[in-house]
Amino acid sequence: MKNDPAPQEIACAETLWPALRAEAEKLVRDEALAPLLQSVILQSDRLAAATGRLLAGKLAAPHLPEGLLLELYAETESALPELGDIVTADLCTVTKNDPAAKDWVAPFLFFKGFHALQAARVAHYLWSADRRHLALYLQNRISDVFAVDIHPAARIGRGVMLDHATGIVIGETAVVEDDVLLWHGVTLGGRNFTDTDRHPKVRKGASIGASATVLGNIEVGAGSKVAAGSMVLENVPPGKTVAGVPARVVG
Ligand SMILES: CC(C)(COP(=O)(O)OP(=O)(O)OC[C@H]1O[C@@H](n2cnc3c(N)ncnc32)[C@H](O)[C@@H]1OP(=O)(O)O)[C@@H](O)C(=O)NCCC(=O)NCCS
């Protein structure tokens, strides 16, 4: 799904990890934050490793211990060598788009849309590796912990941002391409329970505003915008903005 990265994306990717570590080294002087910064960032040698540690701490449960989650993340990374690049692209997108992201440490450690997406990437790997019940268990934990429900079969590109993220639902046959932005409460759902390709396909660079509902196997075109609160039942043309219930092209 990925085209060649733009120059600013390359610059972000190259500087992100050293910049994140440098910030953590300064912030570690705050004793209350030190254990988190040490165990997640400063003891890691790369962003993907730090992400694995962060997620393991957040998602651990009595029957899903931290050690097992670390192993699953490591297994995902070795099966998917580009995982580090994908995590980097996602975090770069957050800092590029979100004025609330004023440094690297805060979005990395505290933005749960980023966390939910990285965990969903592990669940997707498990689904693809035919460990489907484990993938569904992880989906359930992600939903419990982050209030984001992403079916592990859904295909999600890189440079994707889930802003605020509470209440996002992404169905089994949905596709979310690179550089897509979804706000909280977005539903990419089916119109009924038929076991077919029934979910939306959100094309590159589209954005879908808070609490918008997109139903059916329809296209949300590249670079299009769906206004907050819309109900989308038909294809959204590329580059257009739609709004309303049902959504119509505006602007
Ligand atoms: C749709 C949106 C992207 C604006 O797009 P835009 O291209 O700048 O469009 P404009 O602001 O010029 O609005 C175009 C028309 O759509 C209408 N419109 C904009 N947002 C709308 C919404 N959420 N619902 C209904 N109509 C809306 C405007 O009133 C305007 O109508 P008009 O042509 O009759 O005057 C923006 O309003 C939006 O909804 N963004 C999502 C942001 C979000 O979810 N934020 C959550 C932050 S926590």
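The values are calculated or read from the model by the stated rules, or taken from the named source; none is laboratory data. Just so you know, these numbers come straight off a predicted model, no measurement behind them. A quick note on method: Cβ atoms are made from the backbone with ideal geometry, for glycine too, and the neighbour counts reach across all protein chains shown.
Brief remarks follow.
- Members of region 242-251 that are near the ligand (Cβ under 9 Å from one of its atoms) and closer than 13 Å to Ala212 by Cα: Val242, Ala243, Gly244, Val245, Ala247
- Taking the criterion of being more than 20 Å from Gly57 (Cβ to Cβ) and buried (at least 22 other Cβ atoms within 10 Å of the Cβ), the only residue of region 96-126 that qualifies is His124.
- Leading residue by the ranking (farthest from the ligand (Cβ to nearest atom)) among those in region 173-185 that are over 20 Å from Leu91 (Cβ atoms) and in contact with a strand residue (DSSP E or B) (Cβ under 8 Å, 6 or more places away or on another chain): Val175
- Checked against (1) modelled with pLDDT of 95 or more; (2) closer than 23 Å to Ser143 by Cα, Leu233 passes all but condition (2).
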